[in-house]
Amino acid sequence: MCGIVGFCDFRKKSNEENLNAMMKVIQHRGPDASGHLYHTLTDTTIGLGHQRLSILDLSDEGRQPMVHEALEIVYNGEVYNFNEIREELIVLGYDFHSHSDTEVVLKAYHCWGLDALEKFDGMFAMAIFDKAKEQLTLIRDRAGVKPLYWYWNEGLFLFASELKSFHQHPDFEKEINRDILALYLQHGYIMQPYSIFKFTEQLNAGHALHLDLKHHSIEKTCYWSVREWYEKPKLILTDREAIEQTETLLKKSFEYRMVSDVPVGVFLSGGYDSSLVTALLQSDREEKINTFTIGFEENGYDEAPHARDVAGYLGTSHNEYYCSHKDALDIIPKLAEIYDEPFGDDSVIPTVLVSQLAREKVTVSLSADGGDEIFAGYDSYAGTAKMRQSFQKIPRPVRKTLSSAMGLISARNIPCTDRMYNFETRYEKVKKLLELENCAEMFKFRSEQFTQVQLEKLLTYRPVSLKTAFDSDISKIDDCIAQMLMVDYQTYMADNILTKVDRATMSVSLEGREPFLDYNIIEFAARLPSYFKYRDGEQKWILKQITHKYLPESMMNRPKMGFAPPITAWFKDELKSYFLHYLSHERLSKEGYFNADEVVHLRDEYLLGKNVSIKKLWFILMFEMWYEKWM
């Protein structure tokens, strides 16, 4: 795992000093070594920078940037099947000087161009400069495990693994995109291809970007799309065939993620996904796998005992740590530095903590992210499907009349509702949901923390609604569950879960790997009929059948718990000062983005014990702390 940066400056103002500054600020992504290349061409300066975290081939032969003929590469990630690709290339006449996957990636691109991506099984973000073609190419993996940002304004092109590198370039314009701020407030994260700043984007997962130095032009190419796999005909399999084929794919993927020249561990929550990862890996090994768990002292949040039971049954070398409000006090001030774009998932606190815990013993850690989004593990999928089914029984004219009637009554004016949890938002959502027809639309609306009506009250401006992967074409996907899984894979999983884990692990120079996100798994699972994922009210049906081969059903069969800290209680007591300081009327009025009266009203209602969603206030707090750090 590493960090990459670079620029292409058609004004010829950028220099090596700028490049070194961009590299230094992401040294946490790769503290073991650094390197760069800098060129002055006829009308352009080019810089490529790399910070290395040594995982494969720890020798100097694996250092970057790496050069082969006219190609230069800086690369972040792992291609797990590099040995197989290497053998193909040797047959074609290529020779190798290292045992790193970087050299294989570079020579595969030299041999096959973008077609090489079809062979890569892994996670990656890379930049390849072709001196002969005068072209800079950026590439991001299929799922978007590894981040890659780019900036293009007035002849200056920048790219980096994290936005903080852009701040080190003197000509980076950090102007907030107000429409993206609104999008962040709705969902708590920023979706591809957007960024909080104007002129700045994330490269979409499964895409390549080509910058033509001769014509100063940019072209983007989609080389893989999850939607195409959900649109394919469904597989016809018996239960036994589906279980066996799924288990075979999982085993292969999980074993690939153990390829490393440094110690590897597993984040273990005790839920089905992480327990299955641990069970499949430990079952074929005599040596004990390191497992890591974070617990909480508050009732209803603590999964540590369940993880401890799983670890004990499987015989892992288990490590756990209990998170308290004091840990939160230590971590919260660091979040704006770690997440250098507004990010509102409160589970960043235990994720940073478990990363710190793991880094004491290993350099690579596997997590089980993606299992829920691929195999239908969230309550929201079944809930949305049932809601749509119920609403469809009501004639559409009647639903529209009901919605219109609700629009005449403000939720705040309905008596005896002030202590009903998040009543105003739920009222607004039901009003809108009555008008919607398909699952994807309903799923999008249910996913929002602030409705459009609430945003217009909250902000000092009227935001423009932007198109995201929530608005994907679902016309060829007639299954309700499949529609939601396809959307969630491209939104919540890609831009929330993967962002959370990447920044948390990299903040302590730990490589995070995602064994469920092997592209062979999603290409197979997308074609599985939904009854293999959700059956008779049971979520993740097929994963549970596999897990029960390795772990007793009595140990695993318990209500699902999220990996979230008890911030509702903390912010009414020990952490209350954060809301009073950052959500003050004076501060918000001065900045000019928020309607200060509305935010202070939400804050005070919450502190008085009214059932206001803590997530809304947390989203605003995270933006305010980010704003203080970076603006």
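Quick notes
- Of all the listed residues (Phe157, Phe166), the sole one being within 23 Å of Asp9 (Cβ to Cβ), at pLDDT 95 or above and either out of contact with any strand residue (DSSP E or B) (no Cβ under 6 Å at 6 or more places or on another chain) or in a strand (DSSP E or B) (or both) is Phe157.
- Restricting Leu114, Leu183 to residues that are closer than 16 Å to Tyr75 by Cβ and either in a helix (DSSP H, G or I) or polar (S, T, N, Q) (or both) narrows the list to Leu114.
- Conditions (1) at pLDDT 75 or above; (2) touching a Ser or Thr at 6+ places or on another chain (Cβ under 7 Å); (3) over 30 Å from Ser589 (Cβ atoms); number of the one not met by Lys431: (1)
- Qualifying residues in region 129-141 (those that are of a type outside the set (Asp, Glu) and surrounded by fewer than 24 Cβ atoms within 10 Å (Cβ to Cβ)) - the one farthest from the chain's Cα centre (by Cα): Ala132
- Here the condition is being modelled with pLDDT of 95 or more and out of contact with any Leu (no Cβ under 6 Å at 6 or more places or on another chain); of Ile546, Ile521, it holds for Ile546 alone.
- Of residues in region 460-500 being of a type in the set (Ser, Thr, Tyr), closer than 21 Å to Pro233 by Cβ and surrounded by fewer than 24 Cβ atoms within 10 Å (Cβ to Cβ), the one farthest from the chain's Cα centre (by Cα): Ser475
- Pairing residues of region 492-515 that are within 28 Å of Phe445 (Cβ to Cβ) with residues that are assigned to a helix (DSSP H, G or I) and among the hydroxyl-bearing types (Ser, Thr, Tyr), at Cβ distances under 8 Å and at least 6 apart in sequence or on separate chains, gives Tyr492/Ser447; Lys500/Thr351; Val501/Thr351.
- Test set (1) in contact (Cβ under 8 Å) with a residue 24 or more places away in the chain; (2) part of a loop (DSSP other than H, G, I, E, B); (3) over 22 Å from the mean Cα position of the chain (by Cα) - Leu455 fails condition number: (2)
- Hey, Tyr321 at pLDDT 95 or above and either surrounded by fewer than 23 Cβ atoms within 10 Å (Cβ to Cβ) or under 30 Å from Lys629 (Cα atoms) (or both) or not: no
- Residues located in region 190-236, provided they are touching a strand residue (DSSP E or B) at 6+ places or on another chain (Cβ under 8 Å) and among the small types (Gly, Ala, Ser): Ser195, Ala205, Gly206, Ala208, Ser217
- Within region 204-252, being part of a strand (DSSP E or B) and charged (D, E, K, R) holds for Asp212, Glu219, Lys220.
- Residues of region 1-31 that are free of Cβ contacts under 8 Å to residues at least 40 places away in the same chain, of a type outside the set (S, T, N, Q) and part of a loop (DSSP other than H, G, I, E, B): Lys12 alone.
- If you go through region 55-80 and keep only what is at pLDDT below 95 and surrounded by fewer than 20 Cβ atoms within 10 Å (Cβ to Cβ), you end up with Leu56, Asp57, Leu58, Ser59, Asp60, Glu61, Arg63.
- Each residue in region 75-104 was checked for being out of contact with any Gly (no Cβ under 9 Å at 6 or more places or on another chain) and assigned to a helix (DSSP H, G or I), and 10 of them qualify.
- Condition check for Leu235: surrounded by fewer than 20 Cβ atoms within 10 Å (Cβ to Cβ) and on the phi < 0 side of the Ramachandran plot: yes
- Single residue of region 253-267 satisfying the filter (in a helix (DSSP H, G or I) and not charged (D, E, K, R)) that is surrounded by the fewest Cβ atoms within 10 Å (Cβ to Cβ): Tyr256
- For region 63-114, the tally of residues that are among the charged types (D, E, K, R), in contact with a Phe, Trp or Tyr (Cβ under 6 Å, 6 or more places away or on another chain) and over 20 Å from Asp32 (Cα atoms) stands at 2.
- Only one of Glu553, Glu591, Glu586 that is among the acidic types (Asp, Glu) and either under 24 Å from the mean Cα position of the chain (by Cα) or surrounded by 13 or more Cβ atoms within 10 Å (Cβ to Cβ) (or both): Glu591
- So Gln51, is it of a type in the set (S, T, N, Q), under 18 Å from Trp150 (Cα atoms), surrounded by 18 or more Cβ atoms within 10 Å (Cβ to Cβ) and touching a residue at least 12 places away in the same chain (Cβ under 8 Å): yes
The values are calculated or read from the model by the stated rules, or taken from the named source; none is laboratory data. Note that this is a predicted model, so its numbers are computed, not measured. Backbone-built Cβ (ideal geometry, glycine too); neighbour counts: all protein chains shown.
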